[in-house]
């Protein structure tokens, strides 16, 4: 009898746990549904706003076209204005390209700095190991010189990585200064 009561108690407890989990799952589903509805509403708002802006842009474009046609009648003034606008657009495009190039140079330099810093860190670990191995050997032995040669090669690699990192830092600094100017 006690076993039946315990079994029933365990079954009731497991049913309560399942009901709690199901309630939590339903709550999560409802939360996700509300979030999806909010996202859908935001998307609909943004779409309506985009359509409104597109319509305004179309109206503005039509107005500008009409204005340009009127200006075309004024031959001499129009030629001067068009040339000036072309010159400004070319200057602006050149300036924007220069800014994009500088930003690209900075991004590449930052990546190179990070890569070289990691390389230097790893090489320093390798050289510590090689120096430990070298110092454990008898001075003047073949193994000693093998490890010493490995240490020299690693030092050269560290120097090369530090040079590359310094160059990348210079490029980044130069590009940042040009962007700030």
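The values are calculated or read from the model by the stated rules, or taken from the named source; none is laboratory data. In this text, all values refer to a predicted model and were calculated from it rather than measured experimentally. Counting neighbours? That spans all protein chains shown, and the Cβs are built from the backbone with ideal geometry, glycine included.
In region 162-181, the residues that are more than 12 Å from residue 109 (Cβ to Cβ) form Cβ pairs under 8 Å with partners that are surrounded by 15 or more Cβ atoms within 10 Å (Cβ to Cβ) and modelled with pLDDT under 90, at six or more places apart or across chains, as follows: 178/102; 179/102.
Just one of the listed residues (54, 71) is assigned to a helix (DSSP H, G or I), touching a helix residue (DSSP H, G or I) at 6+ places or on another chain (Cβ under 7 Å) and without any contact (Cβ under 8 Å) to a residue 40 or more places away in the chain, and it is 71. From the list 155, 121, 86, 96, the lone residue that is exposed (fewer than 13 other Cβ atoms within 10 Å of the Cβ) and at pLDDT 95 or above is 121.
A count restricted to region 74-109 and to residues that are closer than 30 Å to residue 173 by Cβ and touching a helix residue (DSSP H, G or I) at 6+ places or on another chain (Cβ under 6 Å) stands at 4. If the condition is being surrounded by 10 or more Cβ atoms within 10 Å (Cβ to Cβ) and either touching a residue at least 60 places away in the same chain (Cβ under 8 Å) or more than 55 Å from the chain's Cα centre (by Cα) (or both), then region 1-21 contributes 6, 7, 8, 9. Got at least one residue in region 102-114 being outside any loop (DSSP other than H, G, I, E, B), modelled with pLDDT under 95 and either more than 35 Å from the chain's Cα centre (by Cα) or within 30 Å of residue 69 (Cβ to Cβ) (or both)? Looking through region 102-114, none of the residues is outside any loop (DSSP other than H, G, I, E, B), modelled with pLDDT under 95 and either more than 35 Å from the chain's Cα centre (by Cα) or within 30 Å of residue 69 (Cβ to Cβ) (or both).
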